[in-house]
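Participant: I have a structure I would like to understand better, so I am pasting it below and will then ask my questions one at a time.
The values are calculated or read from the model by the stated rules, or taken from the named source; none is laboratory data. Quick caveat: nothing in here was measured; it's all calculated off a predicted structure. Methodologically, a virtual Cβ is constructed for each residue, glycine included, from the backbone with ideal geometry; neighbour enumeration extends over all protein chains shown.
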Amino acid sequence: MHGFGSSADTWRKQYRDFAAAGYRVFGLDLLGFGMSDKPLGTEYSIELWSDMIVEFVAQIAGGSAVLMGNSIGSLVCCTAARNSPTAVKGLVLCNCAAGMNNKFIVTDRRTPALGKVIFGAIFGLLDILLSIDAFALWFFSKIKSRETVSNVLKGVYVDKGSVDDDLVGSILDPAEDPNALTAFVKILTGEPGTTPDKFLHLVKQPMLLVWGDQDPFTPIDAGYGIYFTRELVESRPGTDLCVVNAGHCPQDDGAAAEDVNKGVREWLFRLSQAN
């Protein structure tokens, strides 16, 4: 499961590698993203995506699967593991996000009181502005430009060469869907969902954390980066950590992708031996 604004194409360096190792591999575009539908009237949420993933596993993937996610995709995986433990055999979380969007900052215990006030005002203003059709259309048109997408990706990738035409196109092409703007606004302004630190103690499946050490969104030495790579690893049984030289999408970030694949394959082998 991919992250915010992207698609299953961000796993382009995993499909053949994992398939060659003998695994059945599926890459999904979450509803509202990529080439998936963007139905009007849908209220997007981590819970909605989680339910859809569990249904996919039940109907297509044989009833149980190891789930691998990046950013909000990781949070979807965690939620699916909590809600349907028999459907999820294990979790691989690449730079896991704490919410569907950044609104979790307003209520998070890690945010200082002043920060909650400031961010609350910012998000409130953004919600109001995005409810105005003309502003939302202008804002979306600026974000979905080739230059903006390329610059944002280069800001979160260590290997700038990985930000190629295929990657940029995988984000820009779905944005041409007539319902893409509505989906974008709803996801950006919706409820962020439950932060992982509030429920991961209920998730018992084996877990591999993959972390890009140069991620500007979830830095390894701050906030939820510390929670996952230190607090969770030290306190939760069955939790392994693989740190690679990468940004927010370690599975697609240059040479780091090979390190990710190797670490995941080794972890999957140990998981199979344990079972």
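Participant: Looking only at region 198-232, which residues are of a type in the set (Asp, Glu) and in contact (Cβ under 8 Å) with a residue 60 or more places away in the chain? Walk me through it before giving the result.
Facilitator: First, the residues of region 198-232 that are of a type in the set (Asp, Glu): 213, 215, 221, 231.
Of everything in region 198-232, just one residue is of a type in the set (Asp, Glu) and in contact (Cβ under 8 Å) with a residue 60 or more places away in the chain, namely ASP215.
Participant: Please determine whether any residue of region 245-258 is over 30 Å from LYS38 (Cβ atoms), at pLDDT 95 or above and either surrounded by 16 or more Cβ atoms within 10 Å (Cβ to Cβ) or under 17 Å from the mean Cα position of the chain (by Cα) (or both).
Facilitator: Yes, there is a match, as at least one residue in region 245-258 is over 30 Å from LYS38 (Cβ atoms), at pLDDT 95 or above and either surrounded by 16 or more Cβ atoms within 10 Å (Cβ to Cβ) or under 17 Å from the mean Cα position of the chain (by Cα) (or both).
Participant: I've got another one for you. Quickly run through region 105-116 and pick out the residues that are in a helix (DSSP H, G or I) and surrounded by 12 or more Cβ atoms within 10 Å (Cβ to Cβ).
Facilitator: We begin by selecting, within region 105-116, every residue in a helix (DSSP H, G or I); these are 105-106, 113-116.
Matches in region 105-116: ILE105, VAL106, GLY115, LYS116.
Participant: Another question, if that's okay. For region 2-40, which residues satisfy the criterion of being at positive phi and in contact (Cβ under 8 Å) with a residue 60 or more places away in the chain? Don't jump to the end; show me each part of the working.
Facilitator: Here is the first cut: in region 2-40, the residues at positive phi are 5, 22, 32, 34.
Within region 2-40, GLY5, GLY32, GLY34 meet the criteria.
Participant: Can you tell me which of (1) aromatic (Phe, Trp, Tyr); (2) in a helix (DSSP H, G or I); (3) more than 21 Å from LEU181 (Cα to Cα) is the one TYR23 doesn't meet?
Facilitator: For TYR23, the failing item is (2).
Participant: Taking region 163-184, which residues are hydroxyl-bearing (Ser, Thr, Tyr) and within 18 Å of the chain's Cα centre (by Cα)?
Facilitator: Step one: filter region 163-184 for residues hydroxyl-bearing (Ser, Thr, Tyr), giving 170, 182.
Selection gives SER170 alone.
Participant: If you take the residues of region 124-158 that are at pLDDT below 95 and outside any helix (DSSP H, G or I), which of them is surrounded by the fewest Cβ atoms within 10 Å (Cβ to Cβ)?
Facilitator: Looking at the filtered set, the residue picked out is SER145.
Participant: Residue by residue through region 75-104, note down the ones that are touching a strand residue (DSSP E or B) at 6+ places or on another chain (Cβ under 8 Å), within 22 Å of PHE123 (Cβ to Cβ) and assigned to a helix (DSSP H, G or I).
Facilitator: LEU75, VAL76
Participant: Residues GLU55, GLU43: which one is acidic (Asp, Glu), surrounded by fewer than 17 Cβ atoms within 10 Å (Cβ to Cβ) and without any contact (Cβ under 8 Å) to a residue 60 or more places away in the chain?
Facilitator: Details: GLU43 fails: without any contact (Cβ under 8 Å) to a residue 60 or more places away in the chain.
None of the other options fit; the residue is GLU55.
So that you can scan it fast, the table gives a plain yes or no per residue for (1) surrounded by 16 or more Cβ atoms within 10 Å (Cβ to Cβ); (2) of a type in the set (A, V, I, L, M, F, W, C); (3) under 26 Å from ASN101 (Cβ atoms):
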residue	(1), (2), (3)
SER50	yes, no, yes
GLY62	no, no, no
ALA65	yes, yes, no
GLY69	yes, no, yes
SER74	yes, no, yes
ALA80	yes, yes, yes
ASN83	yes, no, yes
LYS89	yes, no, no
